[in-house]
């Protein structure tokens, strides 16, 4: 087996010592090492862009030059997404290590490493690469994505599939791309490996246990034959449990047992059947909130979140909107379409709190009704978008409108007592914003607050409850600002 390695270090002694160790140790195992050593950044970055991709890249953390070791790790990862990047350093500074890992590095190797340690690290890296070749996401085009958030998640998929991780938890508001994440995982699997999708909220509670775990003949009225459940269908692969928070308590208990034991028991059966499956679960609202409210088992939540994929709402990643717009303009029926110059700025200014990426797509589709030769103009923007923008605290004017620049809103928060706590400061700010909205509009509903703040109604309800539970405001006083005592519409 040929191993191509690039090594950058401005210390010639380290370059020579590593070169000898790598060649000697791997020759004994029958591997042929092609090693290129660099003591200068420029030829190293040129080698990164070579058509012949390296298997392993070693970079001195404290390299002197125009780019730091951290920056070079980013560049190396950009040009070689499948290579293993090892940072070489004598430092044990946790901040530096963290920065390098965030930049795309896989591991750290000490400059004082022995020949055996260096060989072990490189071999482990190569084994990871070998497994990654089996499941290579870049060889699939089943899901077209846009935006840095999903692109970063795409880079994680292969590593997760090749790891010991058994459960993946995906969290994000409705329309942020949870189904797209599921598609990325499904597309990366071998063709014969199952990926079973289940919308837990769409199954009648009385049938849920039978649907998930199967049943035996005669176990209940209408059970005329044995039936395999969806978990059995996922044997040897994955099951995607969307809206997992809607699972009733009995199903939560059975699911936890099935994950832990890798076995299921059909409804009406006294025996367990061994199966091997991995779980992806998703929710629109944080499961942690459901756990705190006693609606979801803490032990199951901890089991499901072995690793966590977070999808922020679109209002928190507006820099991705132009790329998303381009994707939809080219893929929508009747396209490709174009936007008039002022339209994109308008769409970026809106907060997309009702449906995030899905809402953006639907608005663009609606705009095509009034397109002029494939051009989407400001006139085609739905009226509700304009209305929401005009209500924003910082103000917004339609293209061509005249008027004075909006004023600046100020909020003062009084703080007494112990040292400030960021969570409590956030709650106090939330309460002051509620008071400002009440002063403008009178008693408020969840929908009114959601529109004003660009937050989902369910999140507003959770935060209102938190204000009372954390003694920021008494329930009776809070009720003065709401349309009714519960804060519901």
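Values in this text are rule-based calculations from the coordinates and carry no lab data. Fair warning: this is a prediction, and the values are worked out from it, not measured in the lab. Cβ coordinates were reconstructed from backbone atoms using ideal geometry, including for glycine residues, and neighbour counts include every protein chain displayed.
Tabulated values for the structure
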read-out	value
Tensor-based shape of the range 2-134 (alpha-carbon gyration tensor, a/c under 1.5 rounded, otherwise prolate or oblate)	rounded
Sorted by Cβ neighbour density within 10 Å, fewest at the top, the residues 472, 70, 61	472, 70, 61
Normalised contact order of the chain, rounded percent, pairs of Cα under 8 Å and 6 or more residues apart	10
Mean-position separation - Cα centroids, the range 1-42 and the range 320-335, in angstrom	46
Residue-span extension gain [residue 424 to residue 53] - 0.36 nm each, minus C-alpha spacing	128.5 nm
Antiparallel bridges, percent of DSSP beta bridges restricted to the chain (to nearest 5)	10
Cα-based helix-to-principal-axis angle, 69-79 vs the chain, degrees rounded to 10	90
Relative packing of 327-336, 355-364, which averages over residues the other C-beta atoms within 10 Å, highest first	355-364, 327-336
On Cα atoms only, tilt of 321-331 relative to the major axis of the chain in degrees	90
In degrees, nearest ten, helix 249-261 long axis to first principal axis of the chain (Cα)	0
Proxy reagent accessibility, fewest Cβ within 10 Å first, across 158, 90	90, 158
Packing-based order for 145-156, 10-21, using average beta carbon neighbours within 10 Å, highest first	145-156, 10-21
Cα gyration tensor shape for the range 15-57, rounded if a/c is under 1.5, else prolate or oblate	oblate
